[in-house]
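Dumping the structure here so I can ask a few things about it.
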Amino acid sequence: IFLGAGFWGTFGTVERGTPSPGLSENEAAENKAAENKAAENKATESKTNLERAREDAVLRASGLSFGGLFERTPLQPKKLISRFLSSLIWSGVILAIIALPYSWAFRYWHQIPGTFDFARAFAIEPIAGLGLSLPAWSFIEIALMHLIVIALPEEVFFRGYLQKQLSRQFSWQRRLPLLGGALTSAQIIASLLFALGHFATNLQPHRLAVFFPSLLFGWVFDRRRSVFTSALVHAGCNLLVIILVQGYGLA
């Protein structure tokens, strides 16, 4: 048995690429070509996967992957839903924290003597036949407009592009750690440009005050690396002002 095994191991093994017993030269050449083609396809696939991984890494670093929605790798529904819910929770908690102190400051600044009318603030109307009162569709339209038309494009540019590029250029910038995120030079410069852009559309000094909420949006982006989360907070802040203006009956 040992002699037979040694004989077979020495003389019976067929090396890859050499004609095996029973195969013609043409068949061996075809097999070799098929092997080379398979190896070439595998190398191309590996290169493509590497390029996809690099592009996806850039998207995630810029906060523009949107839970994998715009990544080149196959979409993972569970990951998308998880990131979406996480962004909703984060933005909801942040808005809940700032809503009360901002509302108090808003009333103090404008010297408002009246009371807050919730029905007027949220444009609440009774729903016929259901015995319920819900916000009118006009209020929902305003909320969606501020998220999709205003907050999201501004956050894509000022946070996803500008703040990210400034962070790369200013390698010397200082980072002031703040609740898991940081306050950076890039955030301050991006917020200054954000405020100047708002001032340019309406030459009123109070328009420059958006510099301060812009710092909050920048911190959210730095903390979460998600443009969608900062856009939710941005839209929520815009909507909070609208609710206060309508609730107090201001012009």
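The values are calculated or read from the model by the stated rules, or taken from the named source; none is laboratory data. This one's a predicted model, so the numbers in the text were calculated from it and none came from an experiment. In this analysis, Cβ positions are derived from the backbone assuming ideal geometry, glycine residues included, and neighbour counts consider all displayed protein chains.
Check ALA200, ALA151 and return the single one that is in a helix (DSSP H, G or I) and under 15 Å from CYS237 (Cα atoms). Break it down stepwise before answering.
Values: ALA200 fails: under 15 Å from CYS237 (Cα atoms).
Residue meeting the stated conditions: ALA151.
Now, a different point. If the Cβ limit is 9 Å and pairs must be 6+ apart or interchain, which residue in the stretch 177-190 that is closer than 12 Å to PHE217 by Cβ pairs with which residue that is hydroxyl-bearing (Ser, Thr, Tyr)?
Listed by first residue and then by second, the contacts come to GLN187/SER167; GLN187/SER214; ALA190/SER214.
Also: Do you know which residues across the stretch 156-177 are within 22 Å of the chain's Cα centre (by Cα), loosely packed, with under 13 Cβ neighbours inside 10 Å and over 18 Å from VAL227 (Cα atoms)? Break it down stepwise before answering.
Narrowing the stretch 156-177 to residues within 22 Å of the chain's Cα centre (by Cα): 156-169, 175, 177.
From what is left, the residues that are loosely packed, with under 13 Cβ neighbours inside 10 Å are 168-169, 177.
Within the stretch 156-177, GLN169, PRO177 qualify.
Is it true that PHE170 is at pLDDT 90 or above and within 28 Å of ILE188 (Cβ to Cβ)? Don't jump to the end; show me each part of the working.
Numbers: at pLDDT 90 or above: no; within 28 Å of ILE188 (Cβ to Cβ): yes.
Criteria not met by PHE170.
Look through GLY6, GLY114 and report the one residue that is at pLDDT below 80 and assigned to a helix (DSSP H, G or I). Working first, answer last.
Working: GLY114 fails: assigned to a helix (DSSP H, G or I).
Answer to the selection: GLY6.
What is the number of the single condition among (1) under 22 Å from the mean Cα position of the chain (by Cα); (2) without any contact (Cβ under 8 Å) to a residue 40 or more places away in the chain that HIS198 does not meet?
In the conditions (1) under 22 Å from the mean Cα position of the chain (by Cα); (2) without any contact (Cβ under 8 Å) to a residue 40 or more places away in the chain, HIS198 misses (1) alone.
Now for a separate question. Has the stretch 190-205 got at least one residue that is under 25 Å from SER82 (Cβ atoms) and of a type in the set (A, V, I, L, M, F, W, C)?
no
Among the residues of the stretch 135-165, count how many are modelled with pLDDT under 90 and closer than 22 Å to ILE188 by Cβ.
So the answer is 2.
Just one of the numbered conditions (1) at pLDDT below 90; (2) out of contact with any Asp or Glu (no Cβ under 7 Å at 6 or more places or on another chain); (3) under 28 Å from TYR248 (Cα atoms) is not true of ILE94; which one?
(1)
Among residues belonging to the stretch 206-251 that are more than 27 Å from the chain's Cα centre (by Cα) and surrounded by 15 or more Cβ atoms within 10 Å (Cβ to Cβ), point out the one that is nearest to LEU85 (Cα to Cα).
Of all residues in the stretch 206-251, those more than 27 Å from the chain's Cα centre (by Cα) come to 206, 244-251.
Of the ones still in play, those that are also surrounded by 15 or more Cβ atoms within 10 Å (Cβ to Cβ) are 244, 246-248.
Numbers: LEU244: 27, GLN246: 29, GLY247: 29, TYR248: 32 Å.
Of everything passing the filter in the stretch 206-251, LEU244 is nearest to LEU85 (Cα to Cα).
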